[in-house]
Amino acid sequence: MKGLKMLKKGNVVAGLLLAVALLIISVGCSDASEKAVAENVDVEQLRNNPELGFAPLPIKFGETVGLVVHFNQGETLEHLKDLKNMGIKWVRDEEYWGGIEKKKGEYVWPAKFKRRLKFYKENGIGNIFALTYSANKNVYPDDPYNPEGFGRYAVAAAKLHKDAGVEFVLEIFNEPANFGLRKKYGGKWYGEPNCPWIDHYAKMVIESVRQVKAYDPNMKIITTDHWWSTHYWWLEKDLPKELDGFAVHPYAHGAGTPGPEIAHFGKDSSHAKPWTIMDDDRSNRSLMRRLRAQYAEKIGRPLEMYITEWGYALGRFKGKEWETTEDLAAALLPRVFINGVAAGARVVSWYCSSGDGTWGLIRDDQTKRKTYYSLKAMVEQLGDYQMIKQLVGMDGTTKGIQAYLFEGDAGYKLAVWNIEGPVEVTFDSGYPVPLKVYDHFGKALPFRYVKDGLPILKLDRAPIYIEGIGEYCLIEPLSLDKTK
């Protein structure tokens, strides 16, 4: 009876789906994901086939884990040790152009930044270096976003990182309509056919790529993000074929249910037109899949995708079911990373380490939020594993149970949750090894058994991590008969 009551607490639709569905899952790599990352990708297939939205790269999950840091904005360097403690493999760091080039052609990098680069090198941490923002007024008093000057700043950053021996990617600006370009040049925030700030950003991209590739063709350089539709507009400006990738910020707020799976707008929104930038399901995965297709079409080959910001500010939607409390943010954090990796991101960067109000993993008083421990546990649980398949949810990534299979030297591991909230299921691993279950903080979870010996697992919005599984898993709604 208890299991049935728990089922009723979940979303009604999800409960009905569970009640009629027996989810039998076989392990194996998806042909769809291989097609999605192939050099000769069929753009129209990628754009229109939802199965190709699942495209994890063949690397360990831990190699994708990134974090936005604010060391150039006053964050203490004491937090460097926290990067190592959490298992962070990438940061998104920056030093403003105007503070680096105070005299034309002279680039003076702060000692604290050089210290950070030394730490990154020693600890195997890569840097997505955001090239931000305007020039020093003494250098370009009337032209603060001079494309040629910005390109030289990009080359100076590339040289510094190369000399420091740090793996890096250059990200061209950050949210340009929010941070200066729209105010300077004008145009709609979401872009339009005649949008001066889009035109100018494209010039900055063209010049930055030209100069960086002339310095070293192996240096990676990517566009930034402002809004999904703005990518489509600046891709109309004949961006250079040497571009290596693009960044996205798939923030998902106000979707009606918490979670990174669902975008907070629909495909018919005015700012999305005239493009079809997402599927009818409003999934973030479809946004990323279609954008990957657009870049592949315009540049002529698939590009790397970097999620350089994604997170949750606490306190939003107060009084509603999906108010972003600290507990909820900690529950959603692993889903951000898992969904990003599933969509094909090379790096997923949580926003942020510290500062900027309630976004940070570490509070201003230096105490750690629950999101800190959730991230650390996620890396400990999944870092040495590679995502190989979505076992449950491929037919609907925005609702119901979602389960992802990982494989490592120690065998298989499953990350599973229910988008709508609490529900109880029986779980058959089909494997003689005893099952081990951990919550999103890495704490071992007890579970009871039904009459036929199958364990009962409680799923909720936070993922649980399951060890001791074999070549298939069977998840079944808890029935009244099995509790007798």
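Key figures for this structure:
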item: Solution diffusion estimate, µm²/s, Stokes-Einstein, the range 58-209, Kirkwood Rh from C-alpha pairs, 20 °C, viscosity 1.002 mPa s; result: 130
item: Greater than 29 Å apart at Cα, pairs in Lys112/Lys376; Lys162/Lys203; Lys104/Lys188; Lys162/Lys443; result: Lys104/Lys188; Lys162/Lys443
item: MRE, 222 nm, helices only [DSSP H, n ≥ 4, -39500 (n - 2.57), over the chain, to nearest 500]; result: -9000 deg cm²/dmol
item: Under Karplus coefficients 6.51, -1.76 and 1.60, residue-wise ³J(HN,Hα) of the range 369-385 in Hz, glycine/proline x; result: 7, 5, 4, 4, 6, 5, 5, 4, 5, 4, 5, 5, 7, 10, x, 8, 10
item: Cα extents of the range 181-307 along the three principal axes, largest first (Å); result: 48, 31, 22
item: Among 285-297, 229-241, 398-410, the order from most to least packed when residues are scored by Cβ within 10 Å on average; result: 285-297, 398-410, 229-241
item: Compactness of the range 245-351 - radius of gyration and Dmax, Cα, Å; result: 14.3, 48
item: The range 117-183 - convex hull of the alpha-carbon atoms, volume per residue in Å³; result: 91
item: Greater than 29 Å apart at Cα, pairs in Lys237/Lys399; Lys184/Lys273; Lys60/Lys121; result: Lys237/Lys399
item: Equivalent-ellipsoid semi-axes of the chain, from the Cα gyration tensor, Å, largest first; result: 41, 24, 20
item: About the Cα centre, charge dipole magnitude for the range 35-132 (Lys/Arg +1, Asp/Glu -1 at Cβ), debye; result: 540
item: Order of Phe441, Phe54 under a 10 Å beta carbon neighbour criterion, fewest first; result: Phe441, Phe54
item: Rounded to whole Hz, the Karplus (6.51, -1.76, 1.60) HN-Hα couplings of the range 467-478, x for glycine and proline; result: 10, x, 10, x, 8, 8, 9, 10, 10, 9, x, 5
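FYI, it's all coordinate maths here, none of it is from the lab. If you're wondering where the values come from, they're calculated on a predicted model, not measured in any experiment. Here Cβ is always computed from backbone atoms with ideal geometry, including for glycine, and neighbour counts include all displayed protein chains.
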